[in-house]
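For reference, the structure is listed below as structure tokens.
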Amino acid sequence: MNGVCSACSADSLAEEQVVEHGCGLMDARSAFAEGCPKCNGSTAEETFEAVETITRCRECGHWQAPPTNATGAISRPASVSFPELPELGQSLTWLPSRLVPKSERRQQLLSSAIVVMVLVSGITGALVASPLLEATPTDAAATDPTWEEYDSIAIFRNDDIQPWYETETMRSVNQVFIEEDVPVTLGVIPNAAGELPLTSDEATCEYLGSLQNDHPGQFEMALHGYTHQPETDFYDGSEFGGLSDAEQADRLAEGHRLLSQCVEPSNTFVPPMNTYDDGTVRAVAESDYTTISGGQWFTDEYYDRDGMGNGTTEFETDGVHHVPETQPFEDWDAYEGGEVPFHDTETLTDAFDESHAENGVYVQMIHYQYFTSEERLDQLREVIRHMKSTDDVGFMTVGQFSAGLENGTIERTEDGWRVLEPIEHTSTQKSASLGLEPTDAEREAEPENGR
Amino acid sequence: MRRAPDSFGTVLRALGSVDWRVILLFVSALVPFWLLIDVMNDGTIYAVALLGGILVTYIGWSYYVVEYKPRYQDLLATRALVVVLLGYAVTIVALEWVAPSPLAFVHLGAIALIFFYYWFIALVAVYHDLIGHTTTGLPEEYPSISVLVPAYNEAGYVGRTIQALLNADYPREKFEIIVVDDGSTDGTLAEAKSFASEVVTVVSKRNGGKYSALNYGLLFAESDIIVTVDADSIVGSDALKRIVAPFEKRENVGAVASNVTIWNRDSLVTRCQQLEYTIGVNIYRRMLDYFGIVLVVPGCLGAYRREALEDVFAYDPETLTEDFDLTVKVLKSGRRVIVSEARVYTEAPSTWKDLYKQRLRWYRGNYMTMFKHWDLVTDPSYGLLHRLAIPFRLVEMFFLPFASWIVLGYIVWLVAIGFAAQVLALLVFFTSIVFLIAALGVQIEGEDWSLLIYAPLLVIGYKQFHDLLNLKCLVDVLRKQDLSWTNATRVEQGTERTNSGVHVRDQS
């Protein structure tokens with residue numbers, strides 16, 4: 001071999017076969033004499049692939065690059081053209097040059113302004129979207145509608161909600177329902193004694209509104225008469241029963257107007273003293289209301305339903321649902337002045353158990369203003385817990401029950417009830433508090449006669 | 001009177017030097033995260049908080065034992081983390097924080113990842129950018145370097161790559177370029193040979209694949225620092241100086257990565273890729289750089305200590321991503337792999353079809369490399385590589401592609417049942433978070449702000465394309481198909497390179 005090593009100038013160049021072993025190691029064939037240093041695998045000839053034969057210095061191991069045999073003419077390119085490369089590190093170079101200010105200070109200001117703009121748009125996006133997220137799809141998915149079977153229905157109706165009166169007690173009673181997670185229909189008097197419009201007590205108004213917003217579907221705002229004063233002797237005193245149709249319609253409309261100024265009223269009308277007549281039903285039928293919740297003692301007599309049993313307290317006339325209370329909390333028979341006595345817990349739970357056994361609709365009426373002590377609140381809790389601990393009881397508001405019957409999401413079965421859950425909020429409550437348009441699914445489930 | 005603007009300018013410059021914009025962008029994400037917490041139900045909040053606690057403890061412990069108490073290195077490593085996470089899953093179901101359904105867990109996993117990504121990965125990245133820079137500054141004396149340029153059918157490109165290297169600012173006497181023609185069938189060899197000189201050596205061999213071209217080139221390399229450059233890349237003018245700088249500063253650095261920038265930004269596809277690079281490089285990789293466990297030294301431009309290469313017998317034939325494979329081997333040898341500020345420009349695939357082909361190779365190669373080095377998953381002696389880098393990579397490669405499609409299916413179902421408004425809100429919301437993360441990357445990099453308009457595609461569209469491709473590649477690799485290189489059409493060649501003739505050898 002002629003020539004000297006270009007690295008060490010030694011005169012010991014020799015041809016060497018460069019091979020690639022099966023494991024990928026590439027070296028002179030002689031380097032594998034004692035096995036493959038990389039994989040220790042077989043070094044049989046077939047495990048090698050010849051790469052090239054190259055001149056190497058035996059002295060220093062330097063490989064001499066062999067002359068390459070390129071085909072075609074070899075000529076240095078006159079010049080190589082480079083594409084336009086993006087400039088980085090100066091945050092404004094991507095802008096058209098006419099928009100970039102000359103002075104460094106202005107450039108700094110502009111780039112800072114861009115950062116702020118980006119930041120504001122990112123945050124704005126999040127802010128705009130987040131209210132819509134409150135009805136998170138995961139929650140919605142978790143509440144994919146399914147039919148639930150119940151033996152009986154249980155409803156609470158808390159009457160006489162009114163401004164300026166025992167407001168602390170009102171909150172305490174509602175708090176029991178919140179803590180127990182049980183829905184309740186509130187009978188709200190729009191113009192107590194004809195002197196106290198609901199709107200005059202802003203704090204109570206706001207509080208009732210917050211119940212609707214913070215606990216969607218749990219608190220139904222039902223119209224409880226207009227003044228709650230007896231106007232006739234109908235059944236020993238009634239605000240509506242016995243009045244002319246026109247007068248009843250006026251009271252209903254005026255009451256609704258006042259209530260609407262404070263909360264989102266439902267479609268339920270709760271006549272004071274639990275009494276009403278055919279004129280009331282006509283007024284209700286002509287209005288946007290769909291449901292009347294009086295008292296069972298009254299409907300049994302007036303509609304001649306006595307003896308039909310606890311299982312059939314709800315009924316329909318002239319397109320209006322009647323869902324009367326079936327059991328008062330207060331024991332007026334034992335009233336001798338002073339504090340209004342309650343039934344004992346056993347009486348109440350027995351009444352519920354009886355209704356449950358008959359697959360009935362148990363409507364427990366209470367009046368918040370009498371729950372003035374912790375013991376009395378405890379008794380309410382006790383009754384609720386008894387009902388909750390009973391198997392297969394469907395809890396809902398009057399409005400939800402009536403709407404469910406109307407749109408077919410609640411059906412009576414041979415041995416109880418079938419309810420499509422989750423139960424929709426009553427029509428006027430819907431998702432307005434979320435700032436959302438009702439979705440198609442909501443619209444479908446919405447009763448046709450929604451307000 | 002003239003002093004006022006000057007001092008105003010000084011104040012601005014001072015503010016500019018701490019880069020308050022990075023801090024501002026980072027902190028601004030508090031708003032969407034706070035809103036997210038606000039709409040999450042209590043169970044999810046507790047579950048995410050508990051998971052965060054577990055992960056922070058795990059990372060803290062990992063850092064502590066690896067850096068300060070290596071004798072406890074085997075204690076509470078990845079295996080323990082898996083056991084703890086299983087216990088965690090049972091606990092959150094038992095406490096009724098999360099429903100026991102796959103969807104609920106994917107949902108929780110997705111939320112937890114968003115939190116983790118931002119409040120750990122991005123936080124470390126910001127810290128790294130503002131304070132922890134290990135690679136800033138240039139050395140006083142430069143080492144000799146050998147630049148390897150493997151080329152297969154790169155006519156029209158290789159000359160430009162060589163010229164850019166020759167134009168680069170580096171002491172000429174310490175610099176050699178070795179172009180390896182891997183049996184090209186076009187004018188690559190002639191084009192490269194036209195540059196042959198004392199500095200540029202051109203060698204040719206029969207076609208054997210990129211790994212073999214690099215191994216061949218190594219035979220001729222004289223220097224202790226080996227730089228590799230793809231034959232279609234254009235190095236920045238100070239790239240060579242930047243890429244060798246970290247070797248001088250830290251003894252145990254085995255390899256140094258560069259920053260890849262796309263120069264052909266004239267289409268949606270390439271701009272999406274640039275945004276993807278900007279986020280990946282500036283957020284995710286900075287975190288790994290902080291710990292010296294960067295997983296890929298890109299083939300476009302990378303540098304290795306020669307002894308680090310020789311200790312691991314250089315390039316192997318078994319995978320399609322020889323750069324990822326080699327980097328992992330260097331890491332496994334106990335050396336650090338970090339990032340430099342060297343910049344290299346490359347041409348990205350400009351059509352969806354070409355992007356598909358490129359990523360088919362990348363993702364198949366990723367899975368092959370991961371399976372090849374599966375011992376990293378089980379062996380705690382690999383330190384933070386085992387404890388940190390590999391778990392992230394596993395989540396990225398094996399959880400996210402599935403989760404992404406489950407979430408997409410769920411979204412479609414929600415739209416179908418009438419939750420279009422909420423789904424839109426959800427997209428806007430998550431886009432705003434990705435937007436802020438992307439903005440952080442753009443600000444750190446000094447990139448083009450207009451790239452941000454592609455952020456929504458990184459939430460839906462572009463992302464699912466990659467996730468689906470990942471799933472396909474996983475299946476391909478598991479089925480051990482004949483996996484050959486899939487090459488994209490080159491913009492400046494206009495024709496498709498049909499077959500590089502490289503097939504992966506059967507590992508058995």
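The values are calculated or read from the model by the stated rules, or taken from the named source; none is laboratory data. Here the structure is a predicted model, which means the values were calculated and not measured. All Cβ positions, glycine included, derive from the backbone under ideal geometry; neighbour counts span all protein chains shown. Heavy atoms of the whole protein, side chains included, go into the accessibility calculation; ligands, DNA and RNA do not. Shrake-Rupley method; radii C 1.70, N 1.55, O 1.52, S 1.80 Å.
Is it true that some residue in the range B:213-225 is within 18 Å of the chain's Cα centre (by Cα) and modelled with pLDDT of 90 or more? For the range B:213-225, residues within 18 Å of the chain's Cα centre (by Cα) and modelled with pLDDT of 90 or more: absent.
Among the residues of the range B:201-220, are any polar (S, T, N, Q) and without any contact (Cβ under 8 Å) to a residue 40 or more places away in the chain?
yes
Residues that are part of a helix (DSSP H, G or I) and in contact with a helix residue (DSSP H, G or I) (Cβ under 9 Å, 6 or more places away or on another chain) within the range B:230-269 comprise B:239, B:240, B:268, B:269, listed in sequence order. Quick check: anything in the range A:14-25 open to solvent by 60 Å² or more (accessible area, probe 1.4 Å) and within 11 Å of chain B (Cβ to nearest Cβ)? Scanning the range A:14-25 turns up no residue that is open to solvent by 60 Å² or more (accessible area, probe 1.4 Å) and within 11 Å of chain B (Cβ to nearest Cβ). Tell me, please, whether a residue that is in a helix (DSSP H, G or I), at the interface with chain B (Cβ under 8 Å from one of its Cβ atoms) and either touching a helix residue (DSSP H, G or I) at 6+ places or on another chain (Cβ under 9 Å) or modelled with pLDDT under 80 (or both) can be found in the range A:147-167. No, every residue in the range A:147-167 fails to be in a helix (DSSP H, G or I), at the interface with chain B (Cβ under 8 Å from one of its Cβ atoms) and either touching a helix residue (DSSP H, G or I) at 6+ places or on another chain (Cβ under 9 Å) or modelled with pLDDT under 80 (or both). Residue-level check: of (1) outside any strand (DSSP E or B); (2) within 14 Å of chain A (Cβ to nearest Cβ); (3) more than 30 Å from residue B:356 (Cα to Cα); (4) out of contact with any Pro (no Cβ under 8 Å at 6 or more places or on another chain), residue B:189 misses just (3).
Reported count of residues in the range B:229-260, each being open to solvent by 10 Å² or more (accessible area, probe 1.4 Å) and more than 13 Å from chain A (Cβ to nearest Cβ), is 7. For residue B:374, state whether it is within 19 Å of residue B:324 (Cβ to Cβ) and free of Cβ contacts under 8 Å to residues at least 24 places away in the same chain. Against the criterion (within 19 Å of residue B:324 (Cβ to Cβ) and free of Cβ contacts under 8 Å to residues at least 24 places away in the same chain), residue B:374 qualifies.
Evaluated against (1) farther than 28 Å from residue A:287 by Cβ; (2) touching a Pro at 6+ places or on another chain (Cβ under 9 Å), residue A:314 falls short on exactly one condition, (1). Does residue B:437 qualify as being in contact with a Pro (Cβ under 8 Å, 6 or more places away or on another chain) and touching a residue at least 40 places away in the same chain (Cβ under 8 Å)? No; evaluated as a whole, the condition is false for this residue. Residues that are of a type outside the set (Val, Ile, Thr) and at negative phi within the range A:399-413 comprise A:399, A:400, A:401, A:402, A:403, A:404, A:405, A:406, A:407, A:411, A:412, listed in sequence order. Restricting the range B:427-441 to residues that are buried (at least 22 other Cβ atoms within 10 Å of the Cβ), of a type outside the set (S, T, N, Q) and at the interface with another protein chain (Cβ under 8 Å from one of its Cβ atoms), the residue that is farthest from residue B:272 (Cα to Cα) is B:429.
Remark: residue B:352 falls outside the filter, which requires a residue to be open to solvent by 10 Å² or more (accessible area, probe 1.4 Å), without any contact (Cβ under 8 Å) to a residue 60 or more places away in the chain and either closer than 30 Å to residue B:267 by Cβ or of a type in the set (Ser, Thr, Tyr) (or both).
Tell me which residues, restricted to the range A:307-356, are hydroxyl-bearing (Ser, Thr, Tyr) and open to solvent by 40 Å² or more (accessible area, probe 1.4 Å). Once the filter is applied, which keeps residues that are hydroxyl-bearing (Ser, Thr, Tyr) and open to solvent by 40 Å² or more (accessible area, probe 1.4 Å), the range A:307-356 yields A:312, A:335, A:347. The residues of the range A:44-67 that are more than 8 Å from every other protein chain (Cβ to nearest Cβ) and within 20 Å of residue B:211 (Cβ to Cβ), listed by number, are A:47, A:48, A:50.
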